[in-house]
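S.K.: Please find one structure pasted underneath; my questions will follow.
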Amino acid sequence: MINFEALFKISYGLYIVSSGTKDKGNGYIANTVFQITAEPPQFAISCNKNNLTTQFIQESGAFAVSILHKDTEPTIFGRFGFKSGKDINKLEGMSLTYGETGVPIVLNDCVAFMEFKLVQSVEVGTHIIFIGELLQADVVDNDKEPMTYAHYRQVRKGVAPKNAPTYIDKSKLAAKPPAPEHKKYKCTACGYIYDEAKEGKKFADLPADWVCAICGSEKDDFVEV
Ligand code: FE
């Protein structure tokens with residue numbers, strides 16, 4: 001049997017993977033970034049084939065990774081994790097720098113960034129593993145701690161978007177006993193569930209300016225589930 005809850009015990013970080021040029025680029029939230037070799041320093045990322053960023057990586061032959069910190073603004077997750085670059089310009093208004101290859105690098109809420117030259121692509125079903133050789137890396141903020149996927153799930157109550165390699169359909173998880181006196185409300189933008197039982201507060205009692213902990217959407221964007 002596969003208990004999908006076991007997969008949540010794998011420790012990942014959370015990153016913005018970006019690519020493109022000075023004129024046009026995109027980025028998305030990833031939790032799969034890992035170092036493969038030390039000499040030369042090569043890293044792998046796993047991108048959904050449908051991601052706009054995937055096209056930019058293939059066209060430019062380069063990509064960047066920004067390592068997010070624990071206090072990352074919910075709107076960063078909303079913008080880069082739950083919206084498509086096909087609908088909005090995700091990089092507009094962001095604090096950016098450009099790499100040696102010209103790829104945009106997002107500096108918002110990040111502790112460090114890295115830039116890579118694409119050296120290999122491996123197609124794996126719905127995703128492509130891009131292998132990059134490190135061109136440059138720098139620390140942006142030494143005081144903040146990097147965000148982990150466990151922190152995002154447990155403390156920030158975050159969920160994985162559908163295009164994430166670690167996305168798990170809820171029907172595959174063991175059913176939890178219901179709490180009839182408590183209701184659940186779902187963010188229509190990012191899928192975050194506000195669970196009254198866990199929060200100890202009725203959704204209706206939340207202040208009017210309360211926003212989604214993950215993507216920053218307003219109360220009105222929630223529906224009862
Ligand atoms: Fe949300």
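S.K.: Out of the residues in the stretch 166-193 that are at pLDDT 85 or above and more than 18 Å from Ile214 (Cβ to Cβ), which is farthest from the ligand (Cβ to nearest atom)?
M.R.: The selected residue is His182.
S.K.: A follow-up question, please. Show the residue pairs that are 6+ apart or on different chains and have beta-carbon atoms under 7 Å apart, the first residue being within the stretch 208-224 and open to solvent by 70 Å² or more (accessible area, probe 1.4 Å), the second being more than 12 Å from the ligand (Cβ to nearest atom).
M.R.: Listed pairs, sorted by first residue: Glu224/Lys183.
S.K.: Out of Ala189, Ala160, which single residue is small (Gly, Ala, Ser) and open to solvent by less than 30 Å² (accessible area, probe 1.4 Å)?
M.R.: Residue meeting the stated conditions: Ala160.
S.K.: Only one of Ile129, Ile76 is hydrophobic (A, V, I, L, M, F, W, C) and surrounded by 18 or more Cβ atoms within 10 Å (Cβ to Cβ). Can you tell me which?
M.R.: Ile76
S.K.: Of Ser60, Ser84, Ser18, Ser95, which residue is more than 22 Å from Ala150 (Cα to Cα) and within 16 Å of the ligand (Cβ to nearest atom)?
M.R.: Details: Ser60 fails: within 16 Å of the ligand (Cβ to nearest atom); Ser18 fails: within 16 Å of the ligand (Cβ to nearest atom); Ser95 fails: within 16 Å of the ligand (Cβ to nearest atom).
Result of the check over Ser60, Ser84, Ser18, Ser95: Ser84.
S.K.: List the strands (runs of 3 or more DSSP E) inside the stretch 54-135, counting only whole elements, that have at least 1 residues being touching a helix residue (DSSP H, G or I) at 6+ places or on another chain (Cβ under 7 Å).
M.R.: By residue number, 62-68, 110-124.
Here is a yes/no grid of residues against (1) basic (Lys, Arg); (2) surrounded by 23 or more Cβ atoms within 10 Å (Cβ to Cβ); (3) in contact (Cβ under 8 Å) with a residue 40 or more places away in the chain:
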position	(1), (2), (3)
Ile16	no, yes, yes
Tyr28	no, yes, yes
Val33	no, no, no
Ile36	no, no, yes
Pro41	no, no, yes
Ala44	no, no, yes
Leu96	no, no, no
Ile105	no, yes, yes
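The values are calculated or read from the model by the stated rules, or taken from the named source; none is laboratory data. Being a predicted model, the structure only gives us computed values, none of them experimental. Note that each Cβ is placed from the backbone with ideal geometry, even for glycine, and that neighbours are counted across all protein chains shown. Please note that ligands, DNA and RNA were not included when accessible areas were found on the heavy atoms of the full protein model with its side chains. Shrake-Rupley method; radii C 1.70, N 1.55, O 1.52, S 1.80 Å.
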